[in-house]
Structure formats: structure tokens, C-alpha cells
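Working notes, structure below.
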Protein chains: 4
Amino acid sequence: MNFLSDTTAPAHPALIDAIAAANRDFAPSYGADPLTAQVEARLKAVFETDLKLLFAVSGTASNALALSVLCPSHGAILCHDEAHIHRDERGAPEFFTGGGKLIPLKGAHAKIDLAELDRALAEIPEGFVHTSPVRVLSLSNLSESGTAYSPAEIDERAGRLQDRPAFVHMDGARFANALVTLGCTPAELTWKAGIDALCFGATKNGALGAEAVILFPSVMDRFEELQARQKRAGHMAPKMRFMAAQFDAWLADDLWLDLARTANDRARALAADFRNIDGAEVLHPVDGNEIFVRLDDALAARLRSAGAQFYQWPDGSARFVTSWCTTEAEIASALGAL
Amino acid sequence: MNFLSDTTAPAHPALIDAIAAANRDFAPSYGADPLTAQVEARLKAVFETDLKLLFAVSGTASNALALSVLCPSHGAILCHDEAHIHRDERGAPEFFTGGGKLIPLKGAHAKIDLAELDRALAEIPEGFVHTSPVRVLSLSNLSESGTAYSPAEIDERAGRLQDRPAFVHMDGARFANALVTLGCTPAELTWKAGIDALCFGATKNGALGAEAVILFPSVMDRFEELQARQKRAGHMAPKMRFMAAQFDAWLADDLWLDLARTANDRARALAADFRNIDGAEVLHPVDGNEIFVRLDDALAARLRSAGAQFYQWPDGSARFVTSWCTTEAEIASALGAL
Amino acid sequence: MNFLSDTTAPAHPALIDAIAAANRDFAPSYGADPLTAQVEARLKAVFETDLKLLFAVSGTASNALALSVLCPSHGAILCHDEAHIHRDERGAPEFFTGGGKLIPLKGAHAKIDLAELDRALAEIPEGFVHTSPVRVLSLSNLSESGTAYSPAEIDERAGRLQDRPAFVHMDGARFANALVTLGCTPAELTWKAGIDALCFGATKNGALGAEAVILFPSVMDRFEELQARQKRAGHMAPKMRFMAAQFDAWLADDLWLDLARTANDRARALAADFRNIDGAEVLHPVDGNEIFVRLDDALAARLRSAGAQFYQWPDGSARFVTSWCTTEAEIASALGAL
Amino acid sequence: MNFLSDTTAPAHPALIDAIAAANRDFAPSYGADPLTAQVEARLKAVFETDLKLLFAVSGTASNALALSVLCPSHGAILCHDEAHIHRDERGAPEFFTGGGKLIPLKGAHAKIDLAELDRALAEIPEGFVHTSPVRVLSLSNLSESGTAYSPAEIDERAGRLQDRPAFVHMDGARFANALVTLGCTPAELTWKAGIDALCFGATKNGALGAEAVILFPSVMDRFEELQARQKRAGHMAPKMRFMAAQFDAWLADDLWLDLARTANDRARALAADFRNIDGAEVLHPVDGNEIFVRLDDALAARLRSAGAQFYQWPDGSARFVTSWCTTEAEIASALGAL
């Protein structure tokens, strides 16, 4: 009953097999290998559009690299106050952009409130040399509270930046989890709703360590710059075929969607259990594979002594994360303990 | 009736005279001149302590330089959400620190609320590699709303960081204005209350262009680093004697205090007028030379047509700034227009 | 006959197996897993000393991370003019250090000439605020010309910095290749000769993608800073166990030394062939797995038409790189073509 | 007999007077004042072209600001190995560009050798992601050895970059000194010869502290970016009128040319004296106000005991700098001592 994080889970065996299969003969390095090209082709089909692809070894890297080609060193990035890029990346966006400013906004369930966004935009004029202008709006989907922005919610927020030379970035470390819950297409959840660049995470959903930065057509002209920054940040792995192999197997036969669906199903089941129990209060909609629940002490103790592992969140709640390998038996055990 | 900003005011004639007087013979460059040494000696007397001094040409420069020796590139700086370093310096602190993170806090009258500070500190643990740790608390005195922190208020906030390897910075662009209102000593308002580094502004209070970064004994060991960063940022002016000359004349015979007193007196008088008028609401305590007042449209129009110049503030209020050269006659004219 | 680069070679199967074996159950993320601890223990044995270990995904990353904790943002790094950190990392050291300066030095066979080093040090005084002081000497072993510094050569160069607050860094992307040729111990080639930090590469010698930054006792106090910078640069991979697994298998039973020995043997054999042929001139001592040879056009054409792949180097020579999987048959084929 | 540096000289009295005259009434801050506009108009006449102007407080600042809008953070700047930007600015260009790389080139008399430039360009391909591409060629005029590039020499070097997306920067800290010696027009020495941006120094030639960054039409579209970076670096002085006043008086009636002519005349006279004396060897052409001379010990001692002050240069020579206020009597005294 390990509910600590989807980063503590193992990788799906199919990805290990793919790595072994890729380990034949010589292959061009630094992303010029045929597997990387094949993944790009797969992603064009998945997202129903032309796009540019680049791999990175962590979500922090992919977010910071993407932001660094969207926001100049003297620009600003709007994000939720609890966003991973603001709270959990040790200043990576500031570092990679060369000093860009993050401006945190409030909003329930870790989703940026529209009125807050409007207020921030009203306070930050264009063309005033003393103030960092807004160049990026960053949305996390899933959010830090495990909730999802719908295409309409994204479109509404992206629209607010239409009259500025600004872009919309999506931190999609758990993109698959949001997608299968919303039931829309990858295209609808991204570029059709105004997303310019997506950080598409596989690591938390079955990979060993592989994240993709995807530039949609509106910002594809920045790909050369992105590659230069990837190299300069040490993220252009020499034997890139092994990252590509992971993504290739993960995308094949919709494995990535199946894995996310499993994780989400387990989370929903566990959340349902919590909702039926006195002393537990589920704090946010469970749109993916994360549950935040306020537990009374007795309940928490009972769970722990039954072997359940989970994190205490800064707001006092308990966070339970399911993954592609969480079993129905584990959920049943947790229910038993409750 | 120019109430736009104290940066649009001329310099006090005594400082021009001092520059002319300093313009004799050869003098060592880059701060090794005798006038700079004399200013440092004067400041030691003013602040009743040993200290290290370095000049900069703008408040943005002095703040960013000071912060860059207090906060590592992967650390965080707590400041008020309306602080100059967060809103009006185009990301200079992020740039000078090499990517440090600013975390904005709320609080009435642009002073950091204690509960907000406590909440932020509780949310940011020490020793957690993923989160930028708090390394600086920055207080503006005067604040962006023209209010002053008392020594007790500073001490209270500084005390909250006592168990962290963190420092307290004061943005004192209008330090003199706060000081003469509070009636305490410079020492009481700074190092005795827990301030480690002060950015001590003269430009807004009668200088042509001169700001001092002052390191108090608790951080004096960082002076060599500060000089290296001053040089590297192009702020080590070759003919430093001309900055020193300004500060020298400004500190002589308490001219700096007289100038601040005059500006404050004018502001208090104008504020009193506003308080007696229907249609005007003074929004913050007037602790220095700035008044923020909500004006009804008719009043605002009347003032403008009488020749009064002032800024519309982002929150909808009107900002009036007095300076060392604002006259009683101008205040009387403004009253007449009201 | 692929002699393009050791980064185009596959990984050794034992490392794939190790990854598969590590893919069981949940494991702490971000380097807190038991395999990472086991690799650190192995390295302490290999280097006969206490040390600190951190993984990175590329040589560029490990070099830049190491340099960033040795050189302040206003310091300088001495390196050979052809060093990878100067020529082939797209400014990564400048980026990671926050603006540190690289000062390139000359020397035959890509090894820093002692007289050049002395001249550079004489020109760069300590304590002169206008000049970036020397804070790091970086040595590449193997060098960019495939030559090795002996322990005595390292010691001699490191000794020149003894009276400065400076450190010695080794770019060991091909450390194993140098080591087996020199026949000394890892300790003798590093900390005993004055090396403070080693970037220990496995990728070019049989790994999928794994580099280690090793801090020896003289700089172990910088490990916390190194971790913060690793995180901030996006190099703290969530599922670190998969990097650790590679290193673990690579170090086990001296596999890493066997792989390097094979690559070196093949290179020496090929070099011997070149030396016996008219129209080929081997330009540098072959101390590892790289041969730089000036070929007349007919010879080059003959090799290419026989299927040999190799790079044209900027100086006009041809570079042949062997790897752990280069076979004797390939060397024989090359000889046949010659 | 102070020959230490033109930065130790006082300012010309006309500039002090201009500052006093500018100290009337309120004036818009941050460069929006009428005097700044007037200086820009004057410069357009001087350089016979449209241009954009921005002030900075030091040569280091103006160089680094100019370079930061010409070179991306992952690009490279070619300069002479002895260039001020490489040797004497503590890494300011690396800092302001966000990590750009300086590549030092050799050449007699501190002027970049054409063959060296060609070699460097041949070694640095365009479009190779691993190597920082050349984006700027920086020429110092006067050079660090006091020599001048002629328009033809500039044109020849600038032409080498024609097929790259690269720019040519001139460090003109002593631009006036070069100009009056060459006898060409300011336009001929800059944009007509291929210069895109000029750092035009006044401080060493009679100002208190004022340097101008000038963008010629080829790069004028970068002015908004330059202003943003000026602000972010703390170089947008609030009361900019006092910098403008200096430049205004300096440009009026060709005062700047007269001052440079005086300094150059004195240098030429002193150099002639050295050339006539046994035991002194003038090392470089004296194209401006600097003389580098190898002195035997007796001569050096005689000069010092007669009261002459000068610097020992790193190469063992003695540097004598004359300035606008060096008198014929001083030159005569020096001759007497010789």
C-alpha cells in the first residue's frame, strides 16, 4: 500500500523490453536516431497536428526548458501559487529563463481563478519598462490538487492573453490522467484550447525516466532555440534512443492511456471509500490519480499501522497517489483498514 | 504643483556645490578616493556601528546588489506583494541573484502581515531540496504605500527568521522619510532591530543620483563578494568621488534629515487637507512623503485643471509625492483647488 | 566499422539486465534509493576514500554541475583551448556558474602546457576586483586528443594553484580509458594528485546514460549546494534507481575496466596499423580509445568505401573512436582496407 | 605628473556647469527628459545617421548591455585576448548575456589578427548545436595597447562575419582619441565600416561619469530590449538629466574632440621623448593617449623620484596615460626627469 508518489513506482515492463530491444548496433546520438523520429511521428498522430519534440530527464527540466523559450529573461510567468514550477522546482524556471519572474495566483483546487487572472493582468501593463511584462501563462493539468482543467477552462484562461505577445504553457506531468478523466482528445486539451507548449510526462505514468517537451505549430519556430538550450543545460542525452524507446512503447497500442486509466480507477475507488467514512474529508475533486483527504488522527493511525504509506501535505491533509501498478487488492486493504 | 515623484525633483544645491568642489586634481578611482572613505566614516557615526559601504546609481541596483550577496541563486526572498523589488525592478533581483525566487506576501498598507509571514515560513521547510529555502526577508521602509515599519515591527518580523540561515534586507529608498516620522535613531531602525543590510537612498531626497548599500557587522564578511558583484554589474563607477561628494554634503549638518522633514511636513499638510474634504479618502497612514487618496472625479479634475500633477495608481487611487523642494505655497494652491 | 563515437555504441547487456532487475517494487525517488547508496559505497572502495556522489544524464551536465560548486559566478576557470567544456558544451559552464569565465590555454596534444599555465596565472592577480580570479583548473583525462595526463603531470599542474583559493576539476568522460593505460590506481589519478572533483563518465564506456559527479573530501562540504543545483537544473531524475543500476553493474567485477581495456586494445591495434602505412600519420599518442590520424585522400576514400565510418576533425585529421564493442574483426577489416 | 589613468582625472568644468544648469525645476525621470532627447539629436548629427541612445554609468555597463542585446545566452563573442571585456570586466559580458561565451583571439598591438579571426571562424561552424555560434565580433578602438583600428581595418574584419547572423560591437571607451588621430568622420569609423553598436565613452575624456550605448540602424530594433535590460541591471538612473547634461556640454562646440586632441598631443610628445632616450622602448604605435614603454630600472626610478606616477603593466612595461588636463609643463617635467 505505497501511496507516496507515482515517482516511487517501478516502470512498466514493456518499456524495459523496449530499451533492451533498442540496444542493438550503433545509433546516431543526441536525438538523431530513428526511434526519436518515430516517437515524433506517433505524437503528431496523437495530437493531430504538426509539432516539434524534445526529450528531457525530469519534469523540472522539461518545464524549465519550455518556459525558457517562451519567456525572455526580463519577462514574467503567471502560474498558480501552488504550481510545481513555483513551489517544487528550486527556482529552475528563474534559472533557465535567465531571471524571469514567476507571479503566483490564487484559485480553488489549485486551478487559477479567472478573476485573479484578470486582476493580475490589469495590474501589469504592457510597455512599462519598470515592470516584468506577462509573457507566459502556465497551467498544470492535472493541477497540484489533482484536479483537471477542461478544454473550456483552458480556452477561457488562454483567451485572456490574446492581446499580449504571450504564450500558454501546460505542465502535463500527469497529462494522461487528466485526459482520460475528461474524455476529450489530446488536441482538444492542448493546442485547440490555446496551449502553445506542452510538457508531456511519462515518468509518473510507467516510464523509467522520460519527459517530452512538445512545441505546437504556434511556437515551432523556437525549436532551434530549444535545442540549443537543451544542449547547454546538459539535457541532450548522448544515447537518446533509450528515452525514445520508452516513449515509443508507452504510446504504442494506447498503453499510456491504459496505465492512466488504471491509476485513476484506483484513485476513484479509494476516494469513494474515504467519502463513506466518518473522520475523512476529501478536499478536492478527484480528477486523476491523487486524493487529498483530511483524516482524523485515529483514521490516519489505523491506515499507517495497516501498512499504508502516504505523505502529509503542507496544508495538513494527507495525499494518496495511485499509480499504474496500484492493485485492486491494495485498495481493498486500505478500505479494510478504514 | 508637481506631485508625480521625488525622482523628478531637482537636486539640492549643496550637492551640486560639493560635486564642483570635488572636481579638483586627480583622485583614485573605483571608490578608493578619500571622499568615499569620509562618507563611510560619517555613516559609522550616523548608524553608531562599524559597517561597509558601497555606492550604486539607482535603488534597483542597490537592492539587487545587496540581495545578491544575501540570497544564493537557489534561495528565496520573502517580500511584500507590492514591494518595489517585486513590482518595479523588471526582475533585477532574480537577475542579480542568478535566479533567486521572490515570494510575495500580503499585508495591509504594504506592510507584511505577521500571520502571512508565519504561514509562508511554515510552508517552506528547511533542508527540502525541491523547494527554494527562505534566505532573505526584505522590508521596505517607507513601504510602497508610504507607511513606516517601527523598530518593534521590524524586530518582530526579523525574529521569525532567527532559526534559519537567513538575513533581513531593508529597501530604504525613502529611509530618511520613515526615520524622521518615527523619531528613533538610524541604529534603532536598522541593525538594532535585526536588519543586516540597508539600501540607503539619497536620490529621492535631494541627491543627483546616489544610493548606498550598507552592510552591518552581521554580514560585513560579504563585502568582498559585494564589490566583485558591483564591478561585474558595471556599478563600480570610475570617478566614484562624485557620488561620494553627494553623500558627503547630504549627510553634513543633518541636511538629509532636514530635507526629509520638509517633504514629510508638506505631505502631512496635504493629507490633512484631503481628510477635510468630501470626495477624498486617504487610504493609508501618511508616515512619509507619499499620500494615496481616492478622489472622486470632480475633485481630481479640479486639481488637474489647477495644475497639480500626480499619478493614477494601479489600485485606482491617486498618488501624491512631496519632495524636499515642495513649497508651502504649492500645498496652499492644492488646497485652494480642492 | 563504426568509429564515429563511443556515444553511438550500444550499452553493455549487463547494464540492461541491471535495469530490469532494479525494476521491482517501489523505491525512494531522487537518489534516496538503496542502489544509489550501494554505488556510493562501491566508489568509496574504488577510490579508497570518502566521497560524495551524484548522478547526471550527460557529461555536459556533470561537468557544469561540478564547476558550478567550485567556481563563483564572478570567477574564472582555466582549461585547455580544445577542452570539451570550452568547445563542445554550448556555454554550459558559463550558464551553470551564473556567468563564470573560461580562460583557454594552449598545449600540445590537448594537454595544458605548464609554461602557458604559469603565464596565465602570472597575468591574473588575486584580489584585483576588475579581473575574474582563477578559481578552477579543469583537466580532461583523456584529453580531447585522446592523450592521458599521468598522476605526476596532474600533480604538477594542480600544485601551481596551491596558494590560491582554487580547485582542480577533472573531466573524466573517458576516465577509465586513461586509467587502464596509465596502470595507476583511481586514487593516484585523482585526489592523490590534487583533483578535488571528478566527472566520472560511464556512458561512453558501456552505459545507457549515466555520469557521476564525485566530490572528494577537500570539497565534500559543497555537496548540499551540488544537490540544490542538480535539482534546479532538472538533473535530479525522479527514478534515480535506474541510473544507479547502470553504475552498479558497470562497477561490479571490474566490468568498467574490462570494457575500457577492450576499447583501448582495439585503438592501439588500429593505430599500429596506421603507423605501418604510407599516407597515414598518427598525430597524438594513443593513450585511450581515440586515434587522430592525418590520412591522404586515397587512403580515406579506401577506408570509407570499405564501410569505415569516422569523423573529419576541425584540424583536418580523421578521428577514429573505438568502443567496448569494437571487435578484432572490425580492426582486421580496417587493416584490410588500408 | 599623474599618468596613472584617465579615470583619475577630474571632469572638465564645462560639464560641472552643465549639471548645475540642468538642476532647475522638475524633469521627467528615467531618460524621458528633454536633455536626453537633445543629446540623441546631437549624436545623430555627429554620426550622420538615425540611431538610438541610452546612458550608462561605466564602460563595463555599456559594453555588457550592448553585448547582451547582440549575443544570445548560448552564443559566442569574439574579442582580442587583451580586450577590456575579457580581462577587466569581471565577467560582466558573461553575466549580462546570461552565459554567453567569450572567445579570445591573438593579434599584435592588441588588434585582432585577420588570420586568427579566420581560423576561429573556420573552427566554429554554424548550426552545430554543441558549439556556441559566433554572434558578435567586438573591437576596441582605441585598443588595450593604445592603438587604433582604421575604417579599412574594421571593415575588413566586419566583412568576415557577413554570412553569419552576427554583429560587430565597438568598445569605444577612448573612441574620441582614436578618431582624432585617424582623421576620419565618426560615421566612417563606425556604421560605415560595419559597426552595429558603439559604446561611446565620455568618462575618460572629461566627463564625471557618462557612457553612451549607441545602436545604429542595423540593430535599432533591439532598443526596447536594451531598455528593459538597462532597467533590470539598475542602470536606468532616475535623474537621467544629469548624465545627459554632461554629454550635452561635452558634444557642444566639439569640446569632446578638443579634449581628445589635447590628451593625444601630450601622449605623442611624451612618446617622442621616450623614443629619444636610451633605456626606453615604446612598444606600440601611439594612436591615442596611452604609451606602453619598456623602461630600464634606472629610468623608471628617476621618473618616479621626480614625481611621475604610472602603472606597471602585466607584460612588464610601464603604461603612461595622458588626459585632457595633462599640461605641457608636466610633459616637460617628465622630459627633465628622463
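The values are calculated or read from the model by the stated rules, or taken from the named source; none is laboratory data. Since the model is a prediction, treat every value here as computed from it, not as a measurement. All Cβ positions, glycine included, derive from the backbone under ideal geometry; neighbour counts span all protein chains shown.
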Mind counting the residues in the stretch B:197-220 that are facing chain D (nearest Cβ under 9 Å) and assigned to a helix (DSSP H, G or I)? 2
Residue under question is C:Leu295, and the condition is that it be more than 16 Å from C:Lys204 (Cβ to Cβ), touching a strand residue (DSSP E or B) at 6+ places or on another chain (Cβ under 8 Å) and hydrophobic (A, V, I, L, M, F, W, C); does it hold? yes
I'm trying to understand the selection: among the residues of the stretch B:49-85, which are out of contact with any Ser or Thr (no Cβ under 8 Å at 6 or more places or on another chain), buried (at least 24 other Cβ atoms within 10 Å of the Cβ) and among the β-branched types (Val, Ile, Thr)? B:Val57, B:Thr60, B:Val69
For the stretch A:241-270, give me the residue count where each residue is over 21 Å from the mean Cα position of the chain (by Cα), surrounded by fewer than 24 Cβ atoms within 10 Å (Cβ to Cβ) and touching a residue at least 12 places away in the same chain (Cβ under 8 Å). 1
Return only the number of the condition from (1) surrounded by 21 or more Cβ atoms within 10 Å (Cβ to Cβ); (2) modelled with pLDDT of 95 or more; (3) within 23 Å of the chain's Cα centre (by Cα) that C:Gly31 does not satisfy. (2)
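For the stretch C:272-330, how many residues meet the condition of being closer than 19 Å to C:Thr147 by Cβ and not hydrophobic (A, V, I, L, M, F, W, C)?
Narrowing the stretch C:272-330 to residues closer than 19 Å to C:Thr147 by Cβ: C:272, C:274-275, C:280-294, C:310-311, C:313-323.
Subsequent filtering for residues that are not hydrophobic (A, V, I, L, M, F, W, C) retains C:275, C:281, C:284-285, C:287-290, C:294, C:311, C:314-317, C:319, C:322-323.
Counting residues in the stretch C:272-330 that are closer than 19 Å to C:Thr147 by Cβ and not hydrophobic (A, V, I, L, M, F, W, C) gives 17.
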Output yes when any residue across the stretch C:221-235 is assigned to a helix (DSSP H, G or I), surrounded by 15 or more Cβ atoms within 10 Å (Cβ to Cβ), over 22 Å from the mean Cα position of the chain (by Cα) and of a type in the set (A, V, I, L, M), and no when none is. yes
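Condition first: in a loop (DSSP other than H, G, I, E, B) and either more than 12 Å from every other protein chain (Cβ to nearest Cβ) or in contact with a Lys or Arg (Cβ under 8 Å, 6 or more places away or on another chain) (or both). Now tell me which residues in the stretch C:47-72 satisfy that.
From the stretch C:47-72, those in a loop (DSSP other than H, G, I, E, B) are C:48-51, C:57-58, C:71-72; that's our starting set.
Selection gives C:Glu48, C:Thr49, C:Asp50, C:Leu51, C:Cys71, C:Pro72.
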Looking at A:Gly146, A:Gly159, which one is at pLDDT 95 or above, exposed (fewer than 15 other Cβ atoms within 10 Å of the Cβ) and closer than 25 Å to A:Thr181 by Cβ? A:Gly159
Working only within the stretch D:267-291, note down all residues that are out of contact with any Phe, Trp or Tyr (no Cβ under 9 Å at 6 or more places or on another chain) and part of a helix (DSSP H, G or I). D:Arg268, D:Ala269, D:Ala272, D:Asp273, D:Arg275
Per the filter on the stretch C:97-123, residues at the interface with chain D (Cβ under 8 Å from one of its Cβ atoms) and outside any strand (DSSP E or B) are C:Gly98, C:Gly99, C:Gly100, C:Ala122, C:Glu123
D:Glu144 versus (1) assigned to a helix (DSSP H, G or I); (2) touching a residue at least 40 places away in the same chain (Cβ under 8 Å): which is the lone unmet condition? (1)
The stretch A:236-266: number of residues that are within 12 Å of chain C (Cβ to nearest Cβ), part of a helix (DSSP H, G or I) and charged (D, E, K, R): 1
Scanning the stretch A:73-92 for residues that are within 10 Å of another protein chain (Cβ to nearest Cβ) and aliphatic (A, V, I, L, M), which turns out nearest to A:Arg119 (Cα to Cα)? A:Ala76
If a residue has to be part of a strand (DSSP E or B) and without any contact (Cβ under 8 Å) to a residue 40 or more places away in the chain to count, how many in the stretch A:150-196 make the cut? 3
Has the stretch B:233-246 got any residue that is under 25 Å from B:Pro165 (Cα atoms), touching a helix residue (DSSP H, G or I) at 6+ places or on another chain (Cβ under 9 Å), at pLDDT 95 or above and not hydroxyl-bearing (Ser, Thr, Tyr)? no
So, in the stretch B:1-41, exactly how many residues are closer than 30 Å to B:Ala263 by Cα, more than 8 Å from chain D (Cβ to nearest Cβ) and either of a type in the set (Ser, Thr, Tyr) or not in a helix (DSSP H, G or I) (or both)? 5
Quick check on this structure: which one of C:Arg302, C:Arg319, C:Arg294 is assigned to a helix (DSSP H, G or I) and of a type outside the set (A, V, I, L, M, F, W, C)? C:Arg302
Taking the stretch D:109-154 and keeping residues among the aromatic types (Phe, Trp, Tyr) and farther than 26 Å from A:Pro238 by Cα leaves D:Tyr149
